[in-house]
1. About its Cα centre, what dipole magnitude does the chain give when the only charges are +1 on Lys and Arg Cβ and -1 on Asp and Glu Cβ, stated in debye to the nearest 20?
2. Enumerate the amide H contacts of Gly274 below 5 Å, restricted to partners 5 or more residues apart or on another chain; note that Pro and chain-start residues carry no placed amide H.
3. With an 8 Å Cα cut-off and a minimum separation of 6 or more residues, compute the relative contact order for segment 235-364 in percent.
4. Which value, in Å to one decimal place, does the Kirkwood hydrodynamic radius take for segment 204-263 when every pair of different Cα atoms is included?
5. Might you report the magnitude of the Cβ-based charge dipole of segment 226-360 about its Cα centre, with Lys and Arg at +1 and Asp and Glu at -1, to the nearest 20 debye?
6. Put Tyr220, Tyr97, Tyr174, Tyr56 in order of accessible area, largest first, 1.4 Å probe: what do you get?
7. Note the full-extension length gain between Leu270 and Ser41 as 0.36 nm times their separation in residues minus their Cα-Cα distance, in nm to one decimal.
8. Please report the relative contact order for the chain, taking Cα pairs under 8 Å with a sequence separation of at least 6, and give it as a percent rounded to a whole number.
Amino acid sequence: MSSPVPGPVARSWSRIDGIDLLRGLSILFVLTNHVNMRLLSAHVPYTKGLPPQLVYSLVWNGQFGVQMFFVISGFLITSTSIRRWGSLPRISISDFYLLRFARIAPLMLLLLAILSALHLTHVTGYIVSPQTGGLGRALLAALTFHINYLEATRGYLPAAWDILWSLSVEEIFYLVFPVAARVLRKEKALLFVLMLFVIAGPFARSRAFNPNPVWREYSYLGGMDAIALGCITALLLSQRRLPKTAIYLCGTLGAGLLVFSLGFSIEAYLWGLGRNGLNMTVLALGTCLVIAAASQSSWRAPRLFAPILSLGRHSYEIYLTHIFVVLALFQIFVRLGKPMHAVPVLFLASIILAGTAGWLVASFYTEPINRWIRRKHKDSATLAAATVKV
């Protein structure tokens, strides 16, 4: 495979507004979902009288948000790998792992240290129960990327641990990805393997093939199909420039699929897409098409979208830290007597403060450490290449 063609698609891979917008929407869905779950656990009937589909679209799209994250991750990591090494068969496995470590490990390890301290000091809401194996078992699962399996077999961990299930899916995929690229050596062979993941995904999410409701949402194959679709999108676009008409069609059709998936999820379920695990596939395809249009165009988001873009640019940091904000604000809400009129304030404050916390963590912790690790290993030429945060 040759290097990507020059042009607008390569103009600024560090920031693509369309992709940042998707990431911002994804983290927004996760945030509102987790606030919603706290409210429901406290029996606050704030959705009473609202249309069911409106409720689902606003506060029940967290799983869809994670699926969109998976697609974006697959696309960005494949694209940046092709640009660094010229083609995937030439990928440096050790450098690939180092880059992933530099991006993922610093915040994840800090999070685990904080969660361990909160557990050991018996802070309510952060204690890992003996039923799930206690602190040691949770740490082992987090560090070996099988939090998802632990929760599917032993029950849910506290919320701040639970979010690590998606990292389990991602990082197991990326442990295998560079090895497969080197071993298979040909793009067509890699595309074939990636398509196998795409085919397996709906089966892993289907009620008929997977009776465990937690595993239907958290399984490896149930999320890896979205990552694989992102990888396929990057591979297909790496050597070609889409004509303007194709870019417009991709953007329009992709946006339509996203609107359908996120705005008509109840209807989609009634059609059988949810029961058969295909609703996530439709969402992932829509995300891929929007990414294709965004990555091959010079579209810039209007200033109106600046807050969502900011959320997207720090989505990883927000994802791993937002639970602390949500739980703290929710405790204040409860102490105030759970006033119904304060529910919108709770949602808005959670979004603003979680976004601010994510920006602070990125600016003063993850990004400096990421750069330090890369500088320390700058003897490898591939590590000096421009990087997109994923």
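1. Roughly 820 debye for the chain.
2. Tyr269, Asn279
3. Working: 91 pairs, mean separation 31.8, N = 130.
Relative contact order comes out at 24 percent.
4. After inverting the pairwise mean of 1/r, the radius is 14.0 Å.
5. The calculated dipole for segment 226-360 is roughly 260 debye.
6. Details: Tyr220 55, Tyr97 80, Tyr174 5, Tyr56 105 Å².
Final ranking, largest accessible area leading: Tyr56, Tyr97, Tyr220, Tyr174.
7. 79.8 nm
8. So the answer I get is 30 percent.
The values are calculated or read from the model by the stated rules, or taken from the named source; none is laboratory data. The structure displayed is predicted, hence computed values, not measured ones. For neighbour counting, all protein chains shown are included, and Cβ atoms are generated from backbone atoms with ideal geometry for every residue, glycine included. Note: accessible area is taken over every heavy atom of the protein model, side chains too, but ligands, DNA and RNA are not part of it. Shrake-Rupley method; radii C 1.70, N 1.55, O 1.52, S 1.80 Å.
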